[in-house]
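Taking it in order: structure first as structure tokens, then the write-up.
The values are calculated or read from the model by the stated rules, or taken from the named source; none is laboratory data. Predicted model, so just to flag it, every value in this text is computed and none were measured. Note that each Cβ is placed from the backbone with ideal geometry, even for glycine, and that neighbours are counted across all protein chains shown. Ligands, DNA and RNA are excluded from the accessible area calculation, which covers all protein heavy atoms including side chains. Shrake-Rupley method; radii C 1.70, N 1.55, O 1.52, S 1.80 Å.
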Amino acid sequence: QIFNQHNAEALNLEQAFYRMAQTEPNLDHDVSWLLLPSYWAKMVVALISFLCFANSYDGDFVFDDSEAIINNKDLRAETPLGDLWYHDFWGSKLSSNTSHKSYRPLTVLTFRINYLFAGGFYPVGFHVINIILHCTISVLMVDVFSILLGGLHFSNKGRRLNLAPKSSLLAALLFAVHPVHTECVAGIVGRADLLCALFFLLSFLGYCKAFRENKEGHTFSVFWVLVSVILGAIAMLCKEQGITILGLNAVFDALVINKINLLELIQKLLHKDKSLENAGLLRKGLLFRITLLMSGGVSILYIRWRIMGTGPPAFTDVDNPASFADSLFVRVINYNYYYSLNAWLLLCPWWLCFDWSMGCIPLIKSVSDWRIIALAALWFCLIGLICQALCSEDSHKRRILTLGLGFLIIPFLPASNLFFRVGFVIAERVIYLPSIGYCILFTYGFSLLSKQAKKKKILAVAVLGILLINVMRCALRSSQWRSEEQLFRSALSVCPLNAKVHYNVGKNLADKGNQSAAIKYYREAVRLNPKYVHAMNNLGNILKERNELHEAEELLSLAVQIQPDFAAAWMNLGIVQNSLRRFEEAEQSYWTAIKHRKKYPDCYYNLGRLYADLNRHIDALNAWRNATVLKPEHSLAWNNMIILLDNTGNLAQAEAVGREALELIPNDHSLMFSLANVLGKSQKYKESEALFLKAIKANPNAASYHGNLAVLYHRWGNLDLAKKHYEVSLKLDPMAPGTKENYNLLRRKLEQLQKKG
């Protein structure tokens, strides 16, 4: 029965081809490719797109995921949902001068839902949603490409016909397996691009539904045009590129619905011809629909502008060096070079990198630079395609080439630096939507070659080989995105001049405790970019821990000289100066850090340590209290307050602080230990014992915990238990200070008791 249904569907398709062939050419006539029923074509695309990226499902949070997800307070339940509409993608207020101005509240909302259902930051759920989204988008591409390549046609019953099933399947497969999409799928932050693409395509398909034929003849539905505008707005709330679908809908309307000849229209406009109505501009309600699209777009942009504020995002020259060049010539040449590199990534997606900034692509500063050839090649191809799209006598060719170029160029415009400065040189994620245009042009080129080729099967095998290579490349690249170590190291061969790549490799090594290797990469990052203050700060930190204080001081001093408001570097400089016993300079550095970052609990903690070293106990307690006010879970600050009060004989106050701390951080064993010591000195032995035992249960290998519990039992008169815990403490740490002496005293006392007995 299923076989008969498929045969019936294939027969219907053949009849549709026959009807279409009488009116205009069809790509599928010349394409040697699989002919599958629509349902099976979508199943194949879904399966292959899943296979490409399935191995990324259990990856970690990598690169930008940390800032956008783990450190983003907008994901947590305590943040009101309403705040999402006034914060940027990274959780900062849009009104802030430091805001990135990337407004994607719906994407952040999906992250929040992920976090809620997972019960925490577990990356599997985040990755699975990304894979499902890409599979869904790839399936929708079958319908989208059938319209773009075969035209928009409906049966008498209002069912849309797919007149290019082979071509649309090939184009959808090309899209599904393109390796440049790995960043969007395997990187969780790429969900912004995936959600944007989903609603982008739904907006396009909704616009196409507006032209379904009815009994009165060919007309359009205002309802579906408005639905398309709303879906475009939703796409923009996922990522800024989404707004471009309104322009593409207008282009599609003009070319496919109204069949306007752009060259003829331009000529009539130039000659002020009054017969524009005959050119199709006012036919079938085109002007009305374009007015609706434009009104919707302008309204969306105005609301977005009001929410964002008038100030542009603040980027630096390392983010996008070409945009900071003084010479207009240098800016234009390099922007065009970036375009050529984006085009090359679509054509040959072999060299992929998580970040292309910081010297990865040196600026072109003169026409003698051989890389000018890339610009010439790009514009030679583009001009050739544009000429064919405008001047070809074949209306079918004009339509497909114009739509291909439209989908290639228009979604890329927000990332082009033409309207505003962007914060990157190249970003693979922004090519997700433009790759639709690439797939259209590739498929059309394949159909032209098939038409000329004598051995069409060889050509089909070659295209199949490209698809298989792309599948393998996607799988390999997805595995590299599973962990930061693999991701960062994969970039070393692609962008060896990128200081950020070396910085991230070094940071990853430092996090794993391999400081010697981390130093090497941090030094290389600073060599490649002598103004890289974050690399200087991290390198200075490692050198500080290795007691190489003078070099650490030099690096941190240089960092704050380059960026005077770098609060973290000021704090670390203060720590180094404190270690060098230059206390006044250290205090000044700490206060400078706090000046630039008013809510800086770690800096108040270190300032308190400085005051404690100077015996300025009141100032130390105040500093630590400030740290705990700003960060109630700051365990070290609480502990230091308890210990200082204990050491200065303020046992009652120490006990009160300890109890307050444990109410806020009830499972912190170090706080239990400190409070237990205070209670023991206050002769509250039972309560002290309970806290010691609880601390030991949480951290059984801490020698000091057993040693101090033994002292408590010693005072309390429980000598056998004291002996037991002294022995455990010495076994864990034979050099534990004071424990051996106390143990020997206990043994002598026990021997005396035995003699008396």
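Within the stretch 116-138, which residues are in contact with a helix residue (DSSP H, G or I) (Cβ under 9 Å, 6 or more places away or on another chain) and open to solvent by less than 50 Å² (accessible area, probe 1.4 Å)?
Passing the criteria: 118, 123, 125, 126, 127, 130, 131, 133, 134, 135, 137, 138.
Confirm whether residue 406 is closer than 26 Å to residue 134 by Cα, open to solvent by less than 40 Å² (accessible area, probe 1.4 Å), not hydroxyl-bearing (Ser, Thr, Tyr) and not in a helix (DSSP H, G or I). Full working, then the answer.
On the way: closer than 26 Å to residue 134 by Cα: yes; open to solvent by less than 40 Å² (accessible area, probe 1.4 Å): yes; not hydroxyl-bearing (Ser, Thr, Tyr): yes; not in a helix (DSSP H, G or I): no.
For residue 406, the condition - closer than 26 Å to residue 134 by Cα, open to solvent by less than 40 Å² (accessible area, probe 1.4 Å), not hydroxyl-bearing (Ser, Thr, Tyr) and not in a helix (DSSP H, G or I) - is not met.
When you scan the stretch 156-264 for helices (runs of 4 or more DSSP H) that lie fully inside it, which ones turn up with 1 or more residues that are of a type outside the set (Phe, Trp, Tyr) and surrounded by fewer than 21 Cβ atoms within 10 Å (Cβ to Cβ)?
Values: elements: 165-176, 182-186, 191-209, 222-238, 244-252.
Hits in the stretch 156-264: 191-209, 222-238, 244-252.
Which is at pLDDT 90 or above and open to solvent by 40 Å² or more (accessible area, probe 1.4 Å), of 57, 18?
Values: 18 fails: at pLDDT 90 or above.
It is 57.
Could you give me the residue pairs with C-beta distances under 6 Å whose first residue belongs to the stretch 360-381 and is at negative phi, whose second residue is loosely packed, with under 10 Cβ neighbours inside 10 Å and assigned to a helix (DSSP H, G or I) wherever it lies, and which are 6+ apart or on separate chains?
If the second residue must be loosely packed, with under 10 Cβ neighbours inside 10 Å and assigned to a helix (DSSP H, G or I), no pairs are left.
Conditions tested, residue by residue: (1) closer than 30 Å to residue 252 by Cβ; (2) not in a loop (DSSP other than H, G, I, E, B).
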residue: 77; (1), (2): no, no
residue: 84; (1), (2): no, yes
residue: 100; (1), (2): no, no
residue: 106; (1), (2): yes, yes
residue: 110; (1), (2): yes, yes
residue: 115; (1), (2): no, yes
residue: 141; (1), (2): yes, yes
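Given the conditions (1) modelled with pLDDT of 85 or more; (2) loosely packed, with under 15 Cβ neighbours inside 10 Å, and given that residue 72 satisfies all but one, which numbered condition is not satisfied?
(2)
Quick check on residue 368: is it open to solvent by less than 50 Å² (accessible area, probe 1.4 Å) and farther than 28 Å from residue 186 by Cα? Full working, then the answer.
Details: open to solvent by less than 50 Å² (accessible area, probe 1.4 Å): no; farther than 28 Å from residue 186 by Cα: yes.
Spelling it out, it is not the case that residue 368 is open to solvent by less than 50 Å² (accessible area, probe 1.4 Å) and farther than 28 Å from residue 186 by Cα.
When the residues of the stretch 697-706 are filtered to those that are in a helix (DSSP H, G or I) and open to solvent by less than 50 Å² (accessible area, probe 1.4 Å), which remaining residue is nearest to residue 736 (Cα to Cα)?
First, pick out the residues of the stretch 697-706 that are in a helix (DSSP H, G or I): 697-698, 703-706.
Subset that is open to solvent by less than 50 Å² (accessible area, probe 1.4 Å): 703, 705-706.
Details: 703: 7, 705: 11, 706: 11 Å.
Only one residue tops the list, namely 703.
Which of the numbered conditions does residue 574 fail, given that it passes all the others? Conditions: (1) open to solvent by less than 70 Å² (accessible area, probe 1.4 Å); (2) out of contact with any Asp or Glu (no Cβ under 9 Å at 6 or more places or on another chain).
(2)
Taking the stated definitions as given, is residue 516 under 23 Å from residue 489 (Cα atoms), free of Cβ contacts under 8 Å to residues at least 60 places away in the same chain and surrounded by fewer than 18 Cβ atoms within 10 Å (Cβ to Cβ)?
Numbers: under 23 Å from residue 489 (Cα atoms): yes; free of Cβ contacts under 8 Å to residues at least 60 places away in the same chain: yes; surrounded by fewer than 18 Cβ atoms within 10 Å (Cβ to Cβ): yes.
So residue 516 fits the description; yes.
Kindly check whether there is at least one residue in the stretch 497-509 that is under 21 Å from residue 360 (Cβ atoms) and surrounded by fewer than 15 Cβ atoms within 10 Å (Cβ to Cβ).
Looking for residues that are under 21 Å from residue 360 (Cβ atoms) and surrounded by fewer than 15 Cβ atoms within 10 Å (Cβ to Cβ), one finds at least one in the stretch 497-509, hence yes.
Given the conditions (1) of a type in the set (Val, Ile, Thr); (2) modelled with pLDDT under 90; (3) not in a loop (DSSP other than H, G, I, E, B), and given that residue 310 satisfies all but one, which numbered condition is not satisfied?
(3)
Quick check: anything in the stretch 355-365 open to solvent by 30 Å² or more (accessible area, probe 1.4 Å), in contact with a Pro (Cβ under 7 Å, 6 or more places away or on another chain) and either more than 26 Å from residue 436 (Cβ to Cβ) or not in a helix (DSSP H, G or I) (or both)?
Yes, the stretch 355-365 contains a residue that is open to solvent by 30 Å² or more (accessible area, probe 1.4 Å), in contact with a Pro (Cβ under 7 Å, 6 or more places away or on another chain) and either more than 26 Å from residue 436 (Cβ to Cβ) or not in a helix (DSSP H, G or I) (or both).
Going residue by residue through the stretch 138-160, is there one that turns out to be in contact with a His (Cβ under 8 Å, 6 or more places away or on another chain) and within 29 Å of residue 437 (Cβ to Cβ)? Lay out the reasoning, then the answer.
Within the stretch 138-160, the first condition is being in contact with a His (Cβ under 8 Å, 6 or more places away or on another chain), and the residues that meet it are 160.
Applying the additional criterion that residues be within 29 Å of residue 437 (Cβ to Cβ) yields 160.
Checking the stretch 138-160: at least one residue is in contact with a His (Cβ under 8 Å, 6 or more places away or on another chain) and within 29 Å of residue 437 (Cβ to Cβ).
Looking at residue 321, is it touching a residue at least 60 places away in the same chain (Cβ under 8 Å), farther than 26 Å from residue 466 by Cα and open to solvent by 40 Å² or more (accessible area, probe 1.4 Å)?
Considered against the rule, which asks whether it is touching a residue at least 60 places away in the same chain (Cβ under 8 Å), farther than 26 Å from residue 466 by Cα and open to solvent by 40 Å² or more (accessible area, probe 1.4 Å), residue 321 comes out as no.
I'd like the full set of residues that are out of contact with any helix residue (DSSP H, G or I) (no Cβ under 8 Å at 6 or more places or on another chain) and part of a helix (DSSP H, G or I), limited to the stretch 383-403. Full working, then the answer.
If we filter the stretch 383-403 for residues that are out of contact with any helix residue (DSSP H, G or I) (no Cβ under 8 Å at 6 or more places or on another chain), which is where we start, we get 383-384, 387, 393-396.
Once the filter is applied, which keeps residues that are out of contact with any helix residue (DSSP H, G or I) (no Cβ under 8 Å at 6 or more places or on another chain) and part of a helix (DSSP H, G or I), the stretch 383-403 yields 383, 384, 387, 395, 396.
Here is a list: 580, 621, 614. Which entry is more than 26 Å from residue 536 (Cβ to Cβ), in contact with a helix residue (DSSP H, G or I) (Cβ under 8 Å, 6 or more places away or on another chain) and open to solvent by less than 50 Å² (accessible area, probe 1.4 Å)?
Unique residue meeting the criteria: 621.
Please state which one of 450, 478 is open to solvent by less than 10 Å² (accessible area, probe 1.4 Å) and farther than 30 Å from residue 319 by Cβ.
On the way: 478 fails: farther than 30 Å from residue 319 by Cβ.
Sole residue among the options that is open to solvent by less than 10 Å² (accessible area, probe 1.4 Å) and farther than 30 Å from residue 319 by Cβ: 450.
Go through the stretch 417-445 and report how many residues are closer than 17 Å to residue 146 by Cβ and open to solvent by 10 Å² or more (accessible area, probe 1.4 Å). It would help to see each step written out before you state the result.
Here is the first cut: in the stretch 417-445, the ones closer than 17 Å to residue 146 by Cβ are 436-437, 439-444.
Next, only the ones that are open to solvent by 10 Å² or more (accessible area, probe 1.4 Å) stay: 441-442, 444.
Number of matching residues: 3.
Residue 415 - would you say it is of a type in the set (Gly, Ala, Ser) and within 27 Å of the chain's Cα centre (by Cα)?
Values: of a type in the set (Gly, Ala, Ser): yes; within 27 Å of the chain's Cα centre (by Cα): yes.
Spelling it out, residue 415 is indeed of a type in the set (Gly, Ala, Ser) and within 27 Å of the chain's Cα centre (by Cα).
Which one of 693, 679, 709, 675 is buried (at least 22 other Cβ atoms within 10 Å of the Cβ) and either farther than 21 Å from residue 644 by Cβ or touching a residue at least 40 places away in the same chain (Cβ under 8 Å) (or both)?
On the way: 693 fails: buried (at least 22 other Cβ atoms within 10 Å of the Cβ); 679 fails: either farther than 21 Å from residue 644 by Cβ or touching a residue at least 40 places away in the same chain (Cβ under 8 Å) (or both); 675 fails: either farther than 21 Å from residue 644 by Cβ or touching a residue at least 40 places away in the same chain (Cβ under 8 Å) (or both).
Step by step, each of 693, 679, 709, 675 is checked, and only 709 is buried (at least 22 other Cβ atoms within 10 Å of the Cβ) and either farther than 21 Å from residue 644 by Cβ or touching a residue at least 40 places away in the same chain (Cβ under 8 Å) (or both).
From 600, 604, which residue is surrounded by 22 or more Cβ atoms within 10 Å (Cβ to Cβ), at pLDDT 95 or above and aromatic (Phe, Trp, Tyr)? Full working, then the answer.
Values: 600 fails: at pLDDT 95 or above.
Being surrounded by 22 or more Cβ atoms within 10 Å (Cβ to Cβ), at pLDDT 95 or above and aromatic (Phe, Trp, Tyr) holds for just one of 600, 604, which is 604.
If residue 551 satisfies all but one of (1) without any contact (Cβ under 8 Å) to a residue 12 or more places away in the chain; (2) within 27 Å of the chain's Cα centre (by Cα), what's the number of the condition it fails?
(2)
From the list 121, 175, 145, 154, pick out the single residue that is aromatic (Phe, Trp, Tyr), in contact (Cβ under 8 Å) with a residue 12 or more places away in the chain and in contact with a strand residue (DSSP E or B) (Cβ under 7 Å, 6 or more places away or on another chain).
Working: 121 fails: in contact with a strand residue (DSSP E or B) (Cβ under 7 Å, 6 or more places away or on another chain); 175 fails: in contact with a strand residue (DSSP E or B) (Cβ under 7 Å, 6 or more places away or on another chain); 145 fails: in contact with a strand residue (DSSP E or B) (Cβ under 7 Å, 6 or more places away or on another chain).
The match here is 154.
Please work out which one of (1) open to solvent by 40 Å² or more (accessible area, probe 1.4 Å); (2) at pLDDT below 95; (3) under 20 Å from residue 476 (Cα atoms); (4) among the aliphatic types (A, V, I, L, M) is the condition residue 62 fails and give its number.
Going through the list (1) open to solvent by 40 Å² or more (accessible area, probe 1.4 Å); (2) at pLDDT below 95; (3) under 20 Å from residue 476 (Cα atoms); (4) among the aliphatic types (A, V, I, L, M), residue 62 breaks only (1).
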